[in-house]
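S.K.: This is the structure I have questions about; it appears just below.
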Amino acid sequence: MENFVIYNPVKLHFGQGVVSKLGDVATNFGKKALIVMGRGSARSNGSFDQSYASLKAAGIEVVIYEGIRSNPIIEDVDQAAEMGRKEKADMVIAIGGGSVVDSAKIIAISIPAEHSGWDFVDGSKKPSKALPLISVLTLAATGSEMNAYAVVQHNKLKKKIGYGHQLLYPRHSFLDPEFTLGVPPDYTAYGIADLVAHSLEAWFGEGESSLTDRFIISIIQEAMDYGPDLLKNPNNYQLRAKIMYAATMALNGLTVHGKKSQDWGVHSIGHCLSVLWDIPHGASLTIAYPAWLELQKSRIPQRISELGKCIFQVSEPDKVIEMFSTFFSQMNCPVTLSQAGIKADDGAIGELLEVMRINKVGGIFHTLSDEDHRQLARSMR
Ligand code: NZQ
Ligand code: ZN
């Protein structure tokens with residue numbers, strides 16, 4: 001086991017009605033909030049109305065930036081930051097899914113700066129301060145509500161980069177599973193796939209930590225036991241709550257303590273599919289995982305086998321890969337590009353390889369060569 005430090009400063013408020021406390025909490029950070037939202041769902045799932053009512057009751061003035069898209073782009077982030085600067089916001093409140101929370105994180109470090117948020121994301125500048133950030137989560141998937149990462153796209157550069165910095169932790173996150181009751185079946189499934197993928201990125205990271213491995217397995221089991229049930233019963237609060245809790249735990253540090261690293265190779269492949277074809281994040285992972293496991297099965301058969309034994313009670317790597325593909329397919333997630341509606345002809349594969357090269361696709365532990373990229377691209381067809 002490696003030495004480790006446990007630090008997670010996010011105060012998480014979980015359960016029905018927790019947003020009623022948002023206003024009181026916000027008074028700790030000033031008088032005016034920049035609210036950041038997506039493209040409409042927050043206005044229909046109750047999260048905006050409840051947040052607004054609580055903020056108003058506490059005397060917090062608000063300005064609203066609406067329009068963050070799924071697979072968020074830097075132009076929207078920069079526009080919202082400009083609004084926050086002009087309006088002299090004291091804090092940023094994200095109301096939405098991972099795309100909104102991630103954007104709000106970069107907005108919060110960009111407002112005090114005089115340049116594009118991309119300069120932080122690409123590492124050319126370091127943030128020195130951030131406006132306090134509060135998130136009101138409406139979709140169970142990314143774990144952004146309790147971590148210090150944000151993923152943003154730069155379409156002209158064909159890059160989608162995950163950026164991490166201590167200043168990105170939200171101060172508070174409000175998770176009311178009720179807000180997720182209306183998430184459509186596709187995004188519900190993508191969220192479940194994403195939390196499984198985060199657990200797998202941890203499982204295939206470097207280093208040995210048996211208790212951490214058990215946490216990882218438990219989170220995957222939770223998703224597999226209750227995810228398909230939830231898709232059949234989307235209005236079931238208890239199932240929504242289980243999945244929301246699991247998604248937060250899958251990427252808040254719990255799955256890495258004592259290990260050297262996670263891997264993130266599959267996410268880096270998935271980000272290329274999103275930047276090129278705007279494939280939703282979770283769907284990009286259900287396409288990339290089978291191909292990645294296929295590539296790795298002769299390199300790390302034991303690790304795949306051990307995973308299979310814990311999750312499916314099968315140990316043969318081919319069988320384990322098949323079981324994961326079946327799980328994703330049963331949730332109606334694509335496991336190939338063609339299932340995602342992409343005609344992966346030679347031209348498209350060439351473009352994909354170029355984007356993989358630009359984004360330096362590979363894992364922290366399992367690096368990937370140009371030949372690996374070619375094999376991955378072919379087997380995702
Ligand atoms: O735009 P709106 O109208 O809000 O609609 C969204 C969007 O269309 C909708 N939605 C959200 N909550 C809803 C709802 N629809 C109905 N009812 C609700 N309650 O769902 C769609 C997808 O939303 P999005 O925020 O894009 O999804 P997700 O939470 O999966 O976030 C994906 C983004 O997070 C990044 C991904 O790369 C991707 O850009 N990730 C962030 C990570 C992190 N910060 O740690 C790690 C992840 O691996 C991931 O990379
Ligand atoms: Zn993810």
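The values are calculated or read from the model by the stated rules, or taken from the named source; none is laboratory data. Small disclaimer: the values here were computed from a predicted structure and weren't measured. Heads up, the Cβs are rebuilt from the backbone with ideal geometry, glycines too, and the neighbour counts pull from every protein chain shown. All accessible areas refer to the heavy atoms of the entire protein, side chains included, with ligands and DNA or RNA removed. Shrake-Rupley method; radii C 1.70, N 1.55, O 1.52, S 1.80 Å.
S.K.: Quick one: if you stick a label point 7 Å off each Cα along the C-beta vector at LEU167 and THR326, how many nm between them?
M.R.: 5.0 nm
S.K.: Then there is this: Based on alpha-carbon positions alone, could you give the equivalent ellipsoid semi-axes of region 94-233 from the gyration tensor, as √(5λ), descending, whole Å?
M.R.: Working from the Cα gyration tensor, I get semi-axes of 28, 19, 14 Å.
S.K.: Using alpha-carbon positions, what is the distance between the centroids of region 293-336 and region 61-82, in Å?
M.R.: Here the answer is 38 Å between Cα centres.
S.K.: Right, here's the next one. Taking just the C-alpha trace of region 11-180, give me its Rg and Dmax in Å.
M.R.: Rg and Dmax of region 11-180, Cα atoms, are 14.4, 44 Å.
S.K.: Can you tell me the length gained on complete extension of the stretch ALA348 to ASN155, counting 0.36 nm per residue apart and subtracting the Cα distance?
M.R.: 67.8 nm
S.K.: Ok, one more. If the viscosity is 0.692 mPa s and the temperature 37 °C, what translational diffusion coefficient in µm²/s does Stokes-Einstein give for region 1-96 when Rh comes from Kirkwood over Cα pairs?
M.R.: 223 µm²/s
S.K.: Using the Kirkwood radius over C-alpha pairs as Rh, can you work out the diffusion coefficient of region 166-283 via Stokes-Einstein at 37 °C, viscosity 0.692 mPa s, in µm² per second?
M.R.: D = 217 µm²/s.
S.K.: If you project the alpha carbons of region 100-169 onto the principal axes, what extent comes out on each, in Å, largest first?
M.R.: Each principal axis gives a Cα extent; for region 100-169 these are 30, 27, 15 Å.
S.K.: So what is the relative contact order for region 11-180, in percent, with contacts set as C-alpha pairs under 8 Å and at least six apart?
M.R.: Relative contact order comes out at 28 percent.
S.K.: Given a 1.4 angstrom probe, I'd like the percentage of the accessible area of the chain that is carbon and sulfur, rounded to a whole number.
M.R.: The computed percentage sits at 50.
S.K.: To the nearest Å, what is the center-to-center distance of region 188-256 and region 139-166, using C-alpha atoms only?
M.R.: 19 Å
S.K.: Can you give me the accessible area per residue for region 11-180, using a 1.4 Å probe, in Å²?
M.R.: 39 Å²
S.K.: Which whole number of Å³ per residue matches the convex hull of the alpha-carbon atoms in region 153-229?
M.R.: 178 Å³
S.K.: Please check which bits of region 301-337 a label hung off GLN375 would reach, taking the label as a point 7 Å along Cα-to-C-beta and the cut-off as backbone N under 16 Å.
M.R.: Zone members listed by number: 301-304, 317-318, 321.
S.K.: Subtracting the Cα-Cα distance from 0.36 nm times the residue separation, let me have the gained length for PHE312 to LEU181 in nm, one decimal.
M.R.: 44.3 nm
S.K.: Mind jotting down the three principal axis lengths of the chain based on Cα atoms? Whole angstrom, largest first.
M.R.: 60, 44, 42
S.K.: Answer rounded, prolate or oblate for region 258-348, using the Cα gyration tensor with square roots of eigenvalues a ≥ b ≥ c: rounded when a/c is under 1.5, else prolate when a/b is larger than b/c, else oblate.
M.R.: Since a/c reaches 1.5 and a/b is larger than b/c, the shape of region 258-348 is classed as prolate.
S.K.: Related question: Once you have the Cα-Cα distance between ARG43 and THR367, take 0.36 nm times their residue separation minus that, and quote the gain in nm to one decimal.
M.R.: 112.4 nm
S.K.: Taking 8 Å as the Cα distance limit and 6 or more residues as the minimum spacing, I'd like the relative contact order of the chain as a percentage.
M.R.: Normalised by residue count, the contact order of the chain is 16 percent.
S.K.: Calculate, for region 200-380, the solvent-accessible area per residue in square angstrom, rolling a 1.4 angstrom probe over the heavy atoms of the protein chains.
M.R.: Normalised by residue count, the accessible surface of region 200-380 is 42 Å².
S.K.: Here's a follow-up. What is the ratio of the Cα radius of gyration of region 200-380 to 2.2 N^0.38 Å, where N is its residue count, to two decimals?
M.R.: 1.03
S.K.: Leaving out same-chain residues fewer than 8 places away, which lysines sit with a Cα under 17 Å from that of LYS297?
M.R.: Correct list for LYS297: LYS309, LYS319.
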